[in-house]
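Worksheet for the structure shown next.
Rule-based calculations on the coordinates, nothing more; no lab input. Keep in mind that this is a model prediction, so the values were computed, not measured. Please note: Cβ atoms are built from the backbone with ideal geometry, for glycine as well, and neighbour counts cover all protein chains shown.
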Amino acid sequence: MESELLVDRREGWMVLTLNRPERLNALNEKLHRLLAEALEEAAHESCRAVLLTGTGRAFCAGEDVGGLALAAAEFQRSGALPPDLGVTVEAHYNPLIRRIRRLRKPVVCAVNGVAAGAGANIALACDIVLAARSAKFVQAFASIGLVPDSGGTFFLPRLIGEARARALALLGEPLPAETAQAWGLIWQVVDDGALRGEAEKLAARLAKGPTLSLAWIKEALNASSANDLDAQLDLERNLQSLAGRTPDYREGVLAFLEKRPANFTGRAS
Ligand code: T3D
């Protein structure tokens, strides 16, 4: 049987494909475990970029509500308290979002179709999000009496502002990919047939980039929403000190002066 997560190792980068198309790539414990293992592998020096996508007509429909419904029915029958969903969030969703944000290399997300619930917010946690023209983003939580998780209440207002964030979260209405791009929720919409190719080109390009500098850019941007300007200026100074000592900086400057493409290694020495 095919794995629920396809891991395709390329030269210096990886493609992770959620692979439960019959459930719109909804997440269960096994898929979470496979994702955690793959992202752990992606942290190794040999991997310099990650592409995350899904098979079939969806990117990811969030938590497998089939599993939730089963558990709820069981608890109703036995008269016990319903399961504490915060436990799943703490065990699986929060670590997943932290892994993506803290990974010291760019994560590209190719949203190949609907991204709902935690599926939408996992996409938003990635560094560069491309979406198929037919894709849509749904904060589906309120529709089933839940609260946005996986960073939704953090990412949404920062990306698109309070008014739009509140309406999306409270109404749970689908947001078409083109509007998502127009609002600044994602980087770019691509024609459906071109999405995978464009996303692969982008990941391969990033994998040839100055990996340490990209990691520090990610670190600075991650920190900026909690920092004031002074703290952010200090952080930028510290990171620039580090970047200025890398072989990739030397190579970048040399390549510029010699009017040739830089050959970055991503190495510290
Ligand atoms: O601790 C915790 O566990 C809490 C954590 C929560 C995190 C969350 O993500 S909560 C939010 C969970 N997600 C949802 O509520 C989304 C549910 N799905 C939908 O709203 C719709 O399916 C979509 C908007 C995503 C797509 O709609 P549509 O019309 O294109 O497809 P469909 O017909 O609704 O779904 C197709 C099949 O996928 C269908 O199965 P069937 O009838 O063909 O056998 C449907 O049941 C299944 N499916 C869709 N979403 C899920 C799912 N199966 C399991 N889990 C899903 N999330």
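Given H placed 1.01 Å from N in the peptide plane, which residues other than close sequence neighbours of Trp13 have an amide H under 5 Å from its amide H?
The list, which skips near neighbours in sequence, is Arg48.
With +1 on each Lys and Arg Cβ and -1 on each Asp and Glu Cβ, and nothing else charged, work out how big the dipole of segment 5-207 is about its Cα centre, in Debye to the nearest 20.
Working: 23 positive and 22 negative charges, 76 e Å.
So the magnitude is around 360 debye.
So what J values fall out for segment 85-99 if you push phi through Karplus, 6.51 cos²θ - 1.76 cosθ + 1.60 with θ = phi - 60°, rounded to Hz, Gly and Pro as x?
5, x, 5, 5, 4, 5, 7, 10, 6, 4, x, 5, 5, 5, 4
Go through the cysteines of the chain and tell me which have no other cysteine Cβ under 4.7 Å away.
Cysteines lacking a close Cβ partner in the chain: Cys47, Cys60.
Which of Phe256, Phe141, Phe59 moves the most in a Gaussian network model of the chain with Cα springs under 10 Å?
Phe256
Of all DSSP beta bridges in the chain, what percent run antiparallel (nearest 5)?
Working: 7 of 27 bridges.
Bridges in the chain are about 25 percent antiparallel.
Provide the three semi-axes, in whole Å and in decreasing order, of the ellipsoid equivalent to the chain as defined by the square roots of 5 times the Cα gyration tensor eigenvalues. Numbers along the way, then the final one.
Working: eigenvalues 234, 84, 69 Å².
Three semi-axes, in Å: 34, 20, 19.
Using alpha-carbon pairs under 8 Å, 6+ residues apart, how would you state the relative contact order of the chain in percent? Could you put the intermediate results ahead of the total?
Working: 488 pairs, mean separation 44.3, N = 269.
Dividing the mean separation by the residue count of the chain yields 16 percent.
Please compute the modelled spin-label separation between Ser143 and Leu235, points set 7 Å along Cα→Cβ, answer in nm with one decimal.
Going by the 7 Å Cα→Cβ label model, 3.5 nm.
Which of Ala167, Ala199, Ala180 moves the most in a Gaussian network model of the chain with Cα springs under 10 Å?
Highest fluctuation of the listed residues: Ala167.
Taking amide H positions as placed in the peptide plane 1.01 Å from N, state which residues far from Leu52 in sequence (5 or more) or on other chains have amide H under 5 Å from it.
Leu16, Val108, Cys109, Ala110
List the aspartates and glutamates whose Cα lies under 14 Å from the Cα of Lys136, skipping any in the same chain that are fewer than 8 positions away.
By straight Cα distance, Lys136 reaches Glu173, Glu178, Asp191, Asp192.
Restricting to segment 80-192, compute how many DSSP beta bridges are antiparallel as a %, nearest 5. Walk me through the numbers before you get to the answer.
Working: 2 of 11 bridges.
Of all bridge pairs located within segment 80-192, approximately 20 percent are antiparallel.
Could you tell me the largest-minus-smallest coordinate of the C-alpha atoms of segment 211-257 on each of the three principal axes, in descending order and whole angstroms?
Result, largest extent first: 36, 17, 15 Å.
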